[in-house]
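*Asks:* Can you read through this structure? Questions will come right after.
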Amino acid sequence: MDQLSNVYTTPLLSVALATQNSLSHYWHKITDKTFAGIYHANAFDLAMMIPYFIVLFVLAIYGLHRYWLVYDYFAYAKNVPPSPPEVKEWPRITIQLPIFNERYVIERLVEAISHFDYPAGLLDVQVLDDSTDETQQVARACVDRHAAQR
């Protein structure tokens, strides 16, 4: 029985001594005064270290936020909203295109509006042009061309 208790107590004792030894070793390193007085922080060191650690802290928070976003992505990736119900009654809408001296833009703008997938009878397009150059003629020709296609 004594041998059996020695078998169990010996490892426990060695672990306790090793722990005590490592703790005392670190405590001795912390309280060691061998190099005391060699270095003193001055204003320049603080002027360099304080912004450095502030930036380091901000970047750490940013990194943690990125990890949180990745977690949210994987946690909620399966929550896809259902498709919206089919529209039974479309509302009447008006699109206003205010332009001023946009001769090179008006054709592309009217072209883009003409490709809208919306019922033609419920869509009003108003080209509000206060131009002082030939944009009015270009806009009128472009609108007339697309109105004739409908």
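The values are calculated or read from the model by the stated rules, or taken from the named source; none is laboratory data. Owing to the predicted nature of the structure, the values given are computational and were not obtained by experimental measurement. Neighbour counts are summed over all protein chains in view; Cβ atoms, including those assigned to glycine, are modelled from backbone coordinates with ideal geometry. In case anyone asks, the SASA skips ligands and DNA or RNA and just uses the protein heavy atoms, side chains included. Shrake-Rupley method; radii C 1.70, N 1.55, O 1.52, S 1.80 Å.
*Asks:* Taking just the alpha carbons, could you work out the radius of gyration and Dmax for region 61-103, both in angstroms?
*Replies:* 21.5, 51
*Asks:* Exactly which GluC sites (Glu not before Pro) in region 63-150 are in a DSSP loop and have at most 14 other Cβ atoms within 10 Å?
*Replies:* Details: sites: 86, 89, 102, 107, 111, 134; in loops: 86, 89, 102, 134.
Filter output for region 63-150: 86, 89, 134.
*Asks:* A follow-up question, please. Which whole-number percent gives the relative contact order of the chain, counting Cα pairs below 8 Å spaced six or more residues apart?
*Replies:* Numbers: 65 pairs, mean separation 29.6, N = 150.
Here the relative contact order equals 20 percent.
*Asks:* Next up: Within the set of other residues whose C-beta is less than 12 Å from the C-beta of residue 101, count the net charge using Lys and Arg as +1 and Asp and Glu as -1. Don't jump to the answer; show the numbers that get you there.
*Replies:* Details: positive: 103; negative: 102, 129, 130, 133, 134.
Spelling it out: positives minus negatives among the neighbours equals -4.
*Asks:* Please calculate how many Å² of accessible area the chain carries per residue, with a 1.4 Å probe and no DNA, RNA or ligand atoms counted. The partial results should precede the final answer.
*Replies:* Numbers: 13340 Å² over 150 residues.
Here the residues of the chain average 89 Å² of exposed surface.
*Asks:* Hey, with R₀ at 41 Å, roughly what FRET efficiency would residue 147 and residue 74 work out to, going by the Cβ-Cβ distance, to 0.05?
*Replies:* Numbers: r = 51 Å, r/R0 = 1.24.
It comes to 0.20.
*Asks:* Report the Cα-based extents of the chain along its three principal axes, largest first, to the nearest Å.
*Replies:* Largest first, the chain extends 107, 56, 20 Å along its Cα principal axes.
*Asks:* Using the Cα centre as the reference, give the magnitude of the dipole from point charges on the C-beta atoms of region 25-150 (Lys, Arg: +1; Asp, Glu: -1; all else neutral), rounded to the nearest 20 debye. Could the numbers behind the result be given before it?
*Replies:* Values: 11 positive and 15 negative charges, 153 e Å.
Rounded to the nearest 20 debye, it is 740 debye.
*Asks:* Given labels modelled 7 Å from the Cα in the Cβ direction, how far is it in nm from residue 100 to residue 35?
*Replies:* 6.9 nm
*Asks:* Taking only Cα atoms, what is the 0 to 90° angle, nearest 10, from helix 2-31's long axis to the longest principal axis of the chain?
*Replies:* Computed tilt is about 70 degrees.
*Asks:* Which percent of the accessible heavy-atom area of the chain goes to carbon and sulfur, probe 1.4 angstrom?
*Replies:* Details: 8670 of 13340 Å².
Solvent-exposed carbon and sulfur of the chain make up 65 percent of the total.
*Asks:* P(r) for region 33-116, please, calculated from all Cα pair distances in 5 Å bins and given in %.
*Replies:* 3, 8, 8, 7, 7, 6, 7, 8, 11, 10, 6, 5, 4, 3, 2, 3, 2, 0
*Asks:* Continuing with this model, one more query. Mind checking region 74-121 for chymotrypsin sites (Phe, Trp or Tyr not before Pro) that DSSP puts in a loop (not H, G, I, E or B) and that have at most 14 other Cβ atoms within 10 Å?
*Replies:* Details: sites: 74, 76, 100, 104, 116; in loops: 100, 104, 116.
For chymotrypsin sites (Phe, Trp or Tyr not before Pro) across region 74-121 that sit outside H, G, I, E and B with at most 14 neighbouring Cβ atoms in 10 Å, the list reads 100, 104, 116.
*Asks:* I've got another one for you. Mean residue ellipticity at 222 nm from the helices of the chain, using -39,500 (n - 2.57) per DSSP H segment of n ≥ 4 over the full residue count, to the nearest 500 deg cm²/dmol?
*Replies:* Details: 4 runs with 88 residues, N = 150.
The per-residue figure over the chain is -20500 deg cm²/dmol.
*Asks:* Could I ask something else about it? Which cross-chain or sequence-distant (5 or more) residues have an amide H under 5 Å from the amide H of residue 131, H modelled 1.01 Å from N in plane?
*Replies:* Residues meeting the criterion, in which the H sits 1.01 Å from N, are 101.
*Asks:* Can you list residues from other chains, or at least 5 along the same chain, whose modelled amide H is less than 5 Å from the amide H of residue 97?
*Replies:* 126, 127, 128
*Asks:* Apply the Karplus curve 6.51 cos²θ - 1.76 cosθ + 1.60, θ = phi - 60°, to the phi angles in region 64-78 and return the couplings in whole Hz, x for Gly and Pro.
*Replies:* Result, ordered by residue: 5, 5, 4, 4, 5, 5, 5, 4, 4, 4, 6, 6, 10, 5, 7 Hz.
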